[in-house]
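The structure appears below as structure tokens.
Rule-based calculations on the coordinates, nothing more; no lab input. Since this is a predicted model, take the numbers as computed values, not measurements. We place every Cβ from the backbone using ideal geometry, glycine too, and count neighbours over all the protein chains shown.
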């Protein structure tokens, strides 16, 4: 079993490819549609994502796609199941399996991600239907009194339990501890919090005997808060890489960064600067959502006649990020 998930994990982060995160929940995607006056229905959401997946040459830059449950169960307009369609393109189908971040009891303003109940059975079904990797996102906020030890511990434990269930089912876990950018914190404060979170996550992963070569880490970059003075691209790259070197075992298959709401070009610049540092024990690539989709969504606007323009916008962003990992 470990041989299979190790091979899949390696393929997911194989240079120069990254991962397209197309796993927004229906309410989240509806909000993004609303911003472009697109009517959100099950069919329109399917049309949007199928259009992305049909982008010519996408498989040259994207190794896998994270799907939302709704999309995973859908078929293309021509009747082919979405996971099967992705496989036919040489793109690995993945699935978001958490059920969202919910209020953490006893810690107002902090969140813990839920979805462990029944997860084993769901993973078995997803694997049988073509999923070869999964994703679980933990959310950590920075403030004067945040994050609490309780919040960090609860989310780290959930990530480890999820990862163990994935590997037992033959599915590669993407472990995503996201330290949010919102706030006025400095880059040094973000470094300290991200270090604490990653240390806690890997301590729990070791307790659960996770095979690191069969997992992918999806961390946030080390950046100042959105209300703080910005740091240079090089400062963010150096702080992020040092944090990962301090906390992430060399045996992890790879790091696929989240963009965290950064402007698409900024996220790409940070990714490129990290890879220029060189001599890293693992590949650092991308697992972007908005940083790959914002341009294509604006170009598409819900109109079929704009498909070529939207696909060209996606290729432009995917190619730029692919070049950033070489």
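For the pair residue 279 and residue 57 in one chain, pulling the backbone fully straight at 0.36 nm per residue adds 77.0 nm over the alpha carbon distance. Label-to-label distance, residue 229 versus residue 70, with points set 7 angstrom from Cα along the beta-carbon direction: 4.4 nm. Between residue 121 and residue 102, the simple spin-label model (points 7 angstrom out along Cα→Cβ) gives 1.7 nm. Label sites at residue 303 and residue 77, each approximated as a point 7 angstrom past Cα along Cα to Cβ, lie 1.6 nm apart. Computed on the chain, with alpha-carbon pairs under 8 angstrom and 6+ residues apart, the relative contact order is 20 percent. Across the stretch 91-138, the convex hull enclosing all Cα atoms gives 63 Å³ per residue. The slack between residue 144 and residue 31, meaning 0.36 nm per residue of separation minus the straight C-alpha distance, is 37.7 nm.
Would you please give the FRET efficiency between residue 199 and residue 251, computed as 1/(1 + (r/R0)^6) with r the Cβ-Cβ distance and R0 = 22 Å, to the nearest 0.05? Computed FRET efficiency for residue 199 and residue 251 comes out at 0.85.
Applying 1/(1 + (r/R0)^6) with R0 = 22 Å to the Cβ-Cβ distance of residue 209 and residue 7, what FRET efficiency is obtained, to the nearest 0.05?
Values: r = 20 Å, r/R0 = 0.89.
Once the sixth-power term is evaluated, E becomes 0.65.
Taking only the alpha-carbon positions of the stretch 1-129 and ignoring solvent, what does the Debye formula give for the base-10 log of I(q)/I(0) at q = 0.12, 0.19, 0.21 Å⁻¹? The computed values of log10 I(q)/I(0) come out as -0.56, -1.20, -1.33. Note on the stretch 20-80: semi-axes of the ellipsoid equivalent to its C-alpha gyration tensor, largest first and rounded to whole Å, are 19, 13, 12. Residues in the stretch 255-281, backbone N under 17 Å from the label point at residue 323 (7 Å along the Cα-to-beta-carbon vector): list them, ranges by number please. The answer is 264-276, whose backbone nitrogens lie closer than 17 Å to the label point. Peptides 169-175, 107-113, ordered by how many other C-beta atoms sit within 10 Å of their residues on average, highest first, read 169-175, 107-113. Scaling against 2.2 N^0.38 Å puts the C-alpha radius of gyration of the stretch 233-326 at 1.21. Here the stretch 161-247 is described by how far its Cα atoms reach on the three principal axes: 45, 22, 18 Å, from widest to narrowest. Our helix-only sum for the chain, with -39,500 (n - 2.57) per DSSP H run of n ≥ 4 divided by its residues, gives a mean residue ellipticity at 222 nm of -14500 deg cm²/dmol.
Computed extension length for residue 184-residue 88: 30.0 nm, one decimal, from 0.36 nm per residue of separation with the Cα-Cα distance subtracted.
For the stretch 83-121 versus the stretch 181-251, the inter-centroid distance based on Cα atoms is 20 Å. Packing, as the average of other Cβ atoms within 10 Å across residues, places the peptides 305-312, 90-97, 293-300 in the order 90-97, 293-300, 305-312, highest first. Based on alpha-carbon centroids, what's the gap between the stretch 21-62 and the stretch 128-163 in Å, whole number please? Taking the Cα centre of each part, the stretch 21-62 and the stretch 128-163 sit 25 Å apart.
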